[in-house]
Structure formats: C-alpha cells, structure tokens
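The values are calculated or read from the model by the stated rules, or taken from the named source; none is laboratory data. Quantities reported herein were computed from a predicted structural model and do not represent experimental measurements. Quick reminder, even Gly has a Cβ in these numbers, built from the backbone with ideal geometry, and neighbours come from all protein chains shown. These accessible areas exclude ligands, DNA and RNA; they are computed on the full protein's heavy atoms, side chains included. Shrake-Rupley method; radii C 1.70, N 1.55, O 1.52, S 1.80 Å.
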Amino acid sequence: ARFQVRLPAEYDSAGTVTLRASAGMVTTVASTSATIDFEVYESNKTGGIGTDICATSATTINSLTFGDKDFSITAAGLVAGDLLDVRMAIATVDGATGTAVIGAVGSLELLCQVRG
C-alpha cells in the first residue's frame, strides 16, 4: 500500500515522528515469517522524493493477536506541513499449511511531537 500524509500545522520542527501500525495475522500464523515494513520519503513539489527516512527495520507480525508496531521516522529537517510519501509492505513466507495465511493492518496512526 502507498499513501501520503502531511505533518500537521502544530508539528514541532524536527520533533519526533512515529508511524504506528496495529497489525497481525487474520487466520493462521506463517510457518516461517510474516513482517511489516515501511519506507518513508519527504516529498517536495520541486525536488521529488528524497531518501528513505524510516529508521526502523521490518518487524514481525506473525501472531494471531494484533499488536502495535512502531516505526521511527528520522525527523531532522522536517517542518509543519511537510508531505510524507509512505510505502507499506507486508511479506509472508509460509510452506507448511494449506490454510490461508493473511497478514493485515487494523489501523495506522501518525504520532508526532506538537507545539502547545
């Protein structure tokens, strides 16, 4: 999945930014692995997108109990109103079951340090 999100007007420049995904497996856990990962880029009308600023590596979601997975964003240079271009990937490796193995995200949140 890919989407864009704008930092709010109240965002405190260079303050903490975190993407939080509540994620897990819907039917059966994978026999080998199931992970979620994010790539995050600062987008700009004149320069396109820069380098990936997500500092957290792929994280396991191989559980039938959904849980919060936090991904830290390198905030140096970010200011209120910046547009973030986000790519989310779920990868599963399963060879042992005949049952559907489905990774899912129940919700996404943008958590950031704000003024006031």
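Miscellaneous remarks
- Output for region 61-107, where each listed residue is open to solvent by less than 70 Å² (accessible area, probe 1.4 Å), within 15 Å of residue 34 (Cα to Cα), of a type in the set (A, V, I, L, M, F, W, C) and touching a Ser or Thr at 6+ places or on another chain (Cβ under 9 Å): 61, 89, 90, 91, 100, 101, 105
- Identity of the residue in region 32-52, within 18 Å of residue 6 (Cβ to Cβ) and in contact (Cβ under 8 Å) with a residue 40 or more places away in the chain, that ends up nearest to the chain's Cα centre (by Cα): 38
- Restricting region 14-26 to residues that are in a strand (DSSP E or B) and over 30 Å from residue 100 (Cβ atoms), the residue that is most open to solvent (accessible area, probe 1.4 Å): 18
- Note on region 82-98: residues that are closer than 19 Å to residue 23 by Cβ and in a loop (DSSP other than H, G, I, E, B) total 1.
- Residue in region 53-60 that is within 19 Å of residue 8 (Cα to Cα), of a type outside the set (Val, Ile, Thr), open to solvent by less than 80 Å² (accessible area, probe 1.4 Å) and touching a residue at least 60 places away in the same chain (Cβ under 8 Å) present: no
- Scanning region 27-50 for residues that are of a type in the set (A, V, I, L, M), open to solvent by less than 40 Å² (accessible area, probe 1.4 Å) and assigned to a strand (DSSP E or B) turns up 34, 36, 40.
- The requirement of being more than 20 Å from residue 113 (Cα to Cα) and touching a Phe, Trp or Tyr at 6+ places or on another chain (Cβ under 7 Å) is fulfilled somewhere in region 23-37, by at least one residue.
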